[in-house]
Amino acid sequence: MRNLLIRLSEKVIGNAEQLAGLITRTQNERYPIMRKLEGELYPARVELVKLYASAMMMDEEERSERLKRWGEEVGTAFAKKEIISLDMMLREVPEYREYIGTVMKHEGLNQGISAEEMYDLTTDFDRIVNDIVYYFSLPFVQYEKEMLLKSQEAVEALSVPISSISDTTAILPLIGVLDFNRSTVLQERVLMEAVRMRLEYLIIDLSGLQTTDTYVAQQLFTLFDSLTLVGTTPVVSGITPVIAQTLVGLGLDFGAIRSFGNLKTAIEHVS
């Protein structure tokens with residue numbers, strides 16, 4: 001079996017550039033945008049073919065470490081390429097499996113190995129393929145998580161758009177739906193910005209708010225109280241008839257909080 005593995009490894013390595021070239025042409029036809037990265041993808045494919053061949057000669061511990069290191073390096077490099085995706089890269093896997101599997105079958109027949117030995121050989125090769133896919137995919141998954149987190153942070157920042165209109169006054173227009181996630185961000189970011197900007201007044205405009213129920217009212221009153229505690233006076237604008245009726249129906253009122261029907265009047269009040 002050792003002699004067979006040596007012959008297999010030598011055969012595959014000897015044809016590494018040919019196989020990499022074939023896969024490159026196939027992928028370029030399938031995904032024309034990949035041509036832009038051909039200068040990086042082709043040598044990476046040559047390296048991968050040789051890695052497949054070398055891995056068959058390694059023991060399990062050495063193989064795992066080598067494949068993991070390769071996956072981290074190459075996977076991380078290509079995960080950051082915006083023009084390609086993980087599914088595009090994984091479309092190459094059957095090409096390696098088919099070619100190397102064919103070489104294994106031919107060399108196995110030439111060597112006259114038993115069906116059991118061929119089964120063990122192909123099973124071991126399947127493990128190599130699975131490990132390469134796994135270790136290569138990890139950086140893509142991690143990179144996607146990082147990008148998603150950054151996107152969420154950007155969305156959260158946009159969901160609390162505080163705009164300064166003077167050294168001591170800013171406006172917070174609440175637009176859309178105030179759900180649990182957004183209200184949590186609202187409480188945190190508004191207080192942080194009020195302190196950072198040293199605001200005396202924060203005008204909270206409700207004219208763009210889609211719904212006003214008990215939950216929304218409670219969140220607003222909590223925000224008003226918190227702003228007062230950090231030294232910022234909340235002022236409310238955009239009290240539409242619908243919002244007013246809803247608050248009355250809930251038995252709530254702004255009490256000491258100054259409220260105005262439109263933003264212009266609120267600005268004039270704090271000026």
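The values are calculated or read from the model by the stated rules, or taken from the named source; none is laboratory data. All of these numbers come straight from a predicted model, not from anything done at the bench. When we count neighbours, we look across all protein chains shown, and the Cβ atoms used for this are built from the backbone with ideal geometry, even at glycine. Only protein heavy atoms, including side chains, enter the accessible area calculation; ligands, DNA and RNA are left aside. Shrake-Rupley method; radii C 1.70, N 1.55, O 1.52, S 1.80 Å.
With the condition kept exactly as written, say whether any residue in segment 151-164 is outside any helix (DSSP H, G or I) and in contact (Cβ under 8 Å) with a residue 40 or more places away in the chain.
yes
Of the numbered conditions (1) surrounded by 16 or more Cβ atoms within 10 Å (Cβ to Cβ); (2) within 16 Å of VAL49 (Cβ to Cβ), LEU121 satisfies every one except a single condition; which is it?
So the condition that LEU121 fails would be (2).
Can you name every residue in segment 127-142 that is polar (S, T, N, Q) and either more than 18 Å from the chain's Cα centre (by Cα) or not in a helix (DSSP H, G or I) (or both)?
Matches in segment 127-142: ASN130 only.
Looking at (1) closer than 21 Å to PRO139 by Cβ; (2) surrounded by 15 or more Cβ atoms within 10 Å (Cβ to Cβ), find the lone condition where LYS36 falls short.
For LYS36, the exception is condition (2).
Any chance segment 168-176 includes a residue that's modelled with pLDDT under 85, touching a strand residue (DSSP E or B) at 6+ places or on another chain (Cβ under 6 Å) and among the hydrophobic types (A, V, I, L, M, F, W, C)?
Checked segment 168-176: at least one residue is modelled with pLDDT under 85, touching a strand residue (DSSP E or B) at 6+ places or on another chain (Cβ under 6 Å) and among the hydrophobic types (A, V, I, L, M, F, W, C).
Pull out all pairs, ordered by first then second residue, where Cβ-Cβ is under 7 Å, the residues are six or more apart or on different chains, the first lies in segment 1-30 and is basic (Lys, Arg), and the second is open to solvent by less than 100 Å² (accessible area, probe 1.4 Å) and at pLDDT below 90.
Listed pairs, sorted by first residue: ARG7/GLU107; LYS11/VAL103; LYS11/GLU107.
Checking the conditions here, which among SER151, SER164 is among the hydroxyl-bearing types (Ser, Thr, Tyr) and modelled with pLDDT under 80?
Checking each option against the conditions leaves just SER151.
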